[in-house]
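*Asks:* I'd like to ask you about the structure that follows.
The values are calculated or read from the model by the stated rules, or taken from the named source; none is laboratory data. The structure displayed is predicted, hence computed values, not measured ones. FYI the Cβ positions are ideal-geometry reconstructions off the backbone, even for glycines, and counts take in every protein chain you see. SASA here: full protein model, heavy atoms, side chains in, ligands and nucleic acids out. Shrake-Rupley method; radii C 1.70, N 1.55, O 1.52, S 1.80 Å.
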Amino acid sequence: MARARALAREKMTVKLPRWTTYPALAVLIGMAILAVPKPRRAPSHGAAARARAQRLELTDLKADQSQAAGFAILVRDFLPDGHVTDGSVDYRAEVQAVLDASSGEVVRLPNFPLRMDSREGTGFALMLPPGLRLEGSGESELVSVQPGIQLLRAEGVDGMLLENFILRGVDQEGRNMSHGLVQITGGTDLVMRGLRVVGADADGIAVTHVSAVSVENCVVKGVSGAGIHLNDCAGGVVHNNRVSDFGGHEWGGQIVGAGIQLSSCRNIICSDNEISRGTGAGILCDTTSVGQAPELNVLRGNTIEFVNNPGNPAHSGGIRCINDTDRQGTGTRITGNRVRDCGQHGLYIEGHGGSMVRGNTFLRSARSALYVGRIDGLELIGNEIDGQQGSGGRWSSVELSSAATNVIQGPR
């Protein structure tokens, strides 16, 4: 019986001929060769070359996969060996080279201040390429030690995101009103979110001729012009920002300033912002000297307090809506705002025909809660007004000029 089982096993055993072992060995050797890691390319020299090399390594990945996995070009990787982290050394050239090579990838700033001196012969430090996505950690900081320059400048945004970092200027003495610490001109699809702008001798954030713009959750403090200034922009939001300690610049022999300034803008929603302790106007909705009339803007749910202008009382107040163009119908909506202790008037409105002022609260302005100048067509409905007599001995809740026509007032 045992022998029979042994014979059966011998019959079941298949002995491969010797010639079949060589192809198997060849397959195993090939697999081993493929498993050996390839040597890395020699590192490129210079921030731009290294950033391009890193970008090329990511081009085979789909954009959504890259974002989901958290891929980003890290500025820190392209700083010189032994770089300082206290903001005392200018690294503008290195950072600019990385931005130029980014080509749409996320560029992430390090968690320490980087000093940015102006490019020689210009009034700005960094020029931002179209399509840039520049992010920080919240503690990331770009610092200027020079007055009168733009830290960030862009000409034609074409889909840009600036998010979650600090921009620190020198002071707010007002040497030059023709720029912002952040200056964006032209293009479409711009998002600025979670920025902290501190100290500027002009505007904090200035955006001109851009469509589809969003400025959200930013903090602007200590600027001599406007905290956030949109000029000739169409479509977008200015939402949930905090602006304080602004204004006081001398311009044309007058002291001016604004927390948020919307000049010749169309279809902008300015909502839920907190504006305080400034010189000039809390929110200014006006026209540029060569611009068109503002149109269909919404000022909603903003809180404005302690904004005055002792050096130029006529240019003071919580909300100022003025229009110097021939087209006087703007359709401005001013709803649910709370204004207190702000200059001459809680609201000054002129040239904004077809507008509505509804459900706002105006407290303790020096002259009147609401001043209505030359206008044709205005609803003043359901506003809460509580005032105190100014030092001049006169105060009124609603002050209508003789040029105001078709003004509807009511409790609801």
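*Asks:* Would it be correct to say that Gly382 is open to solvent by 10 Å² or more (accessible area, probe 1.4 Å) and either more than 31 Å from the chain's Cα centre (by Cα) or among the aliphatic types (A, V, I, L, M) (or both)?
*Replies:* yes
*Asks:* Quick one: Asp100 ticks every box in (1) over 19 Å from Cys218 (Cβ atoms); (2) open to solvent by 50 Å² or more (accessible area, probe 1.4 Å); (3) modelled with pLDDT of 95 or more except a single one, so which number is it?
*Replies:* Checking Asp100 against (1) over 19 Å from Cys218 (Cβ atoms); (2) open to solvent by 50 Å² or more (accessible area, probe 1.4 Å); (3) modelled with pLDDT of 95 or more, the one that fails is (3).
*Asks:* Follow-up. So which of Arg320, Arg340 ends up being among the basic types (Lys, Arg), out of contact with any Lys or Arg (no Cβ under 9 Å at 6 or more places or on another chain) and under 18 Å from Asp272 (Cα atoms)?
*Replies:* It is Arg320.
*Asks:* Also, quick follow-up: Can you tell me which residue in region 308-335 is farthest from Val357 (Cα to Cα), limited to those that are of a type in the set (D, E, K, R) and at pLDDT 95 or above?
*Replies:* Restricting attention to region 308-335, the residues satisfying the condition of being of a type in the set (D, E, K, R) are 320, 324, 326-327, 333.
In the following step, the residues that additionally are at pLDDT 95 or above were identified as 320, 333.
Numbers: Arg320: 12, Arg333: 6 Å.
The qualifying residue farthest from Val357 (Cα to Cα) is Arg320.
*Asks:* Can you confirm whether Arg168 is within 22 Å of Pro113 (Cβ to Cβ), over 13 Å from the mean Cα position of the chain (by Cα) and free of Cβ contacts under 8 Å to residues at least 60 places away in the same chain?
*Replies:* In short, yes.
*Asks:* Considering Leu262, Leu230, Leu190, which residue is open to solvent by less than 10 Å² (accessible area, probe 1.4 Å) and more than 22 Å from Ile304 (Cβ to Cβ)? Step through it out loud before you land on a result.
*Replies:* Working: Leu262 fails: more than 22 Å from Ile304 (Cβ to Cβ); Leu230 fails: more than 22 Å from Ile304 (Cβ to Cβ).
Matching residue, one of Leu262, Leu230, Leu190: Leu190.
*Asks:* With the requirement that a residue be within 16 Å of Tyr91 (Cα to Cα), out of contact with any Pro (no Cβ under 6 Å at 6 or more places or on another chain) and assigned to a strand (DSSP E or B), what does region 143-155 give you?
*Replies:* Gln150, Leu151, Leu152, listed by residue number.
*Asks:* Being part of a strand (DSSP E or B) and open to solvent by less than 30 Å² (accessible area, probe 1.4 Å) is the filter here; which residues of region 207-227 pass it?
*Replies:* Across region 207-227, the qualifying residues are Val207, Thr208, Val210, Val213, Ser214, Val215, Val219, Val220, Gly222, Val223, Ala226, Gly227.
*Asks:* May I pose another question? Here is a list: Asp158, Asp189. Which entry is at pLDDT 90 or above and either in contact with a helix residue (DSSP H, G or I) (Cβ under 6 Å, 6 or more places away or on another chain) or part of a strand (DSSP E or B) (or both)?
*Replies:* The unique qualifying residue is Asp189.
*Asks:* Does Ala314 qualify as being under 24 Å from Gly225 (Cα atoms), open to solvent by 10 Å² or more (accessible area, probe 1.4 Å) and of a type in the set (A, V, I, L, M)?
*Replies:* yes
*Asks:* May I pose another question? Out of curiosity, is Ser264 out of contact with any strand residue (DSSP E or B) (no Cβ under 6 Å at 6 or more places or on another chain), small (Gly, Ala, Ser) and within 21 Å of Asp203 (Cα to Cα)? Outline the logic, then answer.
*Replies:* Values: out of contact with any strand residue (DSSP E or B) (no Cβ under 6 Å at 6 or more places or on another chain): yes; small (Gly, Ala, Ser): yes; within 21 Å of Asp203 (Cα to Cα): yes.
It is true that Ser264 is out of contact with any strand residue (DSSP E or B) (no Cβ under 6 Å at 6 or more places or on another chain), small (Gly, Ala, Ser) and within 21 Å of Asp203 (Cα to Cα).
*Asks:* Just one of Gly204, Gly247, Gly236 is closer than 23 Å to Cys321 by Cβ and more than 13 Å from the chain's Cα centre (by Cα); which is it? Before you say what the answer is, go through the steps one by one.
*Replies:* Values: Gly204 fails: more than 13 Å from the chain's Cα centre (by Cα); Gly236 fails: more than 13 Å from the chain's Cα centre (by Cα).
Just one listed residue meets the conditions, Gly247.
For (1) more than 16 Å from Glu139 (Cα to Cα); (2) touching a Gly at 6+ places or on another chain (Cβ under 6 Å); (3) among the β-branched types (Val, Ile, Thr), each residue gets a yes or a no:
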| site | (1), (2), (3) |
| --- | --- |
| Ile184 | yes, no, yes |
| Thr188 | yes, no, yes |
| Val191 | yes, no, yes |
| Ala202 | yes, yes, no |
| Val210 | yes, yes, yes |
| Asn217 | no, yes, no |
| Gly222 | yes, yes, no |
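*Asks:* Can you find a residue that is more than 22 Å from Val75 (Cα to Cα), open to solvent by 10 Å² or more (accessible area, probe 1.4 Å), modelled with pLDDT of 95 or more and not polar (S, T, N, Q) anywhere in region 122-132?
*Replies:* Within region 122-132 (the criterion being more than 22 Å from Val75 (Cα to Cα), open to solvent by 10 Å² or more (accessible area, probe 1.4 Å), modelled with pLDDT of 95 or more and not polar (S, T, N, Q)), the answer is no, since none of the residues qualifies.
*Asks:* Looking only at region 269-307, which residues are open to solvent by 60 Å² or more (accessible area, probe 1.4 Å) and either modelled with pLDDT of 95 or more or in contact with a strand residue (DSSP E or B) (Cβ under 7 Å, 6 or more places away or on another chain) (or both)? Before the answer, list the steps.
*Replies:* Of region 269-307, the ones open to solvent by 60 Å² or more (accessible area, probe 1.4 Å) are 272, 274, 277, 289-290, 292, 296, 300, 306.
Correct list: Asp272, Glu274, Arg277, Leu296, Arg300, Phe306.
*Asks:* Take region 143-161 and flag every residue that is crowded, with 19+ Cβ neighbours inside 10 Å and more than 16 Å from Ala206 (Cβ to Cβ).
*Replies:* Val143
*Asks:* May I ask you to verify whether Glu94 is touching a residue at least 40 places away in the same chain (Cβ under 8 Å), of a type in the set (D, E, K, R) and buried (at least 21 other Cβ atoms within 10 Å of the Cβ)?
*Replies:* Spelling it out, it is not the case that Glu94 is touching a residue at least 40 places away in the same chain (Cβ under 8 Å), of a type in the set (D, E, K, R) and buried (at least 21 other Cβ atoms within 10 Å of the Cβ).
*Asks:* Restricting attention to region 336-370, which residues are among the hydroxyl-bearing types (Ser, Thr, Tyr) and either buried (at least 18 other Cβ atoms within 10 Å of the Cβ) or in contact with a Ser or Thr (Cβ under 9 Å, 6 or more places away or on another chain) (or both)?
*Replies:* Those that are among the hydroxyl-bearing types (Ser, Thr, Tyr) and either buried (at least 18 other Cβ atoms within 10 Å of the Cβ) or in contact with a Ser or Thr (Cβ under 9 Å, 6 or more places away or on another chain) (or both): Tyr348, Ser355, Ser365, Ser368.
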